[in-house]
1. Only one of T112, T148, T132, T142 is touching a Pro at 6+ places or on another chain (Cβ under 9 Å), of a type in the set (V, I, T) and surrounded by fewer than 23 Cβ atoms within 10 Å (Cβ to Cβ); which?
2. If the requirement is being in contact (Cβ under 8 Å) with a residue 60 or more places away in the chain, touching a Ser or Thr at 6+ places or on another chain (Cβ under 9 Å) and not small (G, A, S), which of these qualifies: F48, F122, F101?
3. Hey, could you check segment 102-156 for residues that are hydroxyl-bearing (S, T, Y) and part of a loop (DSSP other than H, G, I, E, B) and say which is nearest to S73 (Cα to Cα)?
4. Which residue, of A131, A137, A176, A183, is within 18 Å of A81 (Cα to Cα), small (G, A, S) and in contact (Cβ under 8 Å) with a residue 24 or more places away in the chain?
5. When segment 47-80 is examined, which residues are found to be over 19 Å from the mean Cα position of the chain (by Cα) and in a strand (DSSP E or B)?
6. Among the residues of segment 101-123, count how many are in contact with a Leu (Cβ under 6 Å, 6 or more places away or on another chain) and farther than 16 Å from A137 by Cα.
Amino acid sequence: MDSKTSLCGRLAFACLVIASPASHADITIFTSEASFLAAVSAPGMDTFTGFSTTAVTSSPITRAAGPYTYMASSQTGFFGAGTPANPALSTNSDLDAITFFNLSGASAIGGTFFGSDLAGGFVASAVVLTATDSLGAISTQTFVATPTSFMGFVSTGAIATLVFSTLMPGNFVFAAVDNLIIAAAPVTQIPEPHTWPLLLGGLTALGFCARRRRSYRRSGA
């Protein structure tokens, strides 16, 4: 084979490989539940119906949000916030964090995150959430929670863990979460804009190489 034609083919292949969409770590943050739901597919919600607000629940726990099972842990267990009719998941100690994990391979997690007092009522406080995904991306978000504060994380991989705590340890403010949503994130394999010239160049080079091979065969006949 013509060595120039062979080199042309290798260069064209290199352009296409570089231009192809590669997997990279990325976590997108949503502070609106509506926007979060619009960005994901097949969401499931855990409203913590029936969770005890009168006794300690041992850690870890296994629960379900629609079709997704997940686990949650807290060092000294859980004690429901809210009311028996409308409970929320909360820690048993104001020093503890909640870690969500084993999320059935889901790519998105979100919910209403806030601080609660000894009676299970809302307390205005700063909270922090750290999401880690299967591709190594880490996103930490700190904000002052309101009774309806929503925070959601959507990953290009799978969510590995979400760790949630208040920034008021030892002040009788307990980490609490309600309406936890777990979902899949649609995966799009669209080349990023900066790779388009390489992709077009690779396709053009492949066409040029094909013409050279046809000319070479005709001349050698």
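1. One residue alone meets the criteria, T112.
2. Of F48, F122, F101, the one residue that is in contact (Cβ under 8 Å) with a residue 60 or more places away in the chain, touching a Ser or Thr at 6+ places or on another chain (Cβ under 9 Å) and not small (G, A, S) is F101.
3. S104
4. Answer to the check: A176.
5. Listed by number, the residues that qualify are T57, I61, T62, F78.
6. Looking only at that region, the number is 1.
We did not get these values from a lab; they are worked out from the coordinates using the rules stated. Treat the numbers as computed from the prediction; the structure is a model and nothing was measured. All Cβ positions, glycine included, derive from the backbone under ideal geometry; neighbour counts span all protein chains shown.
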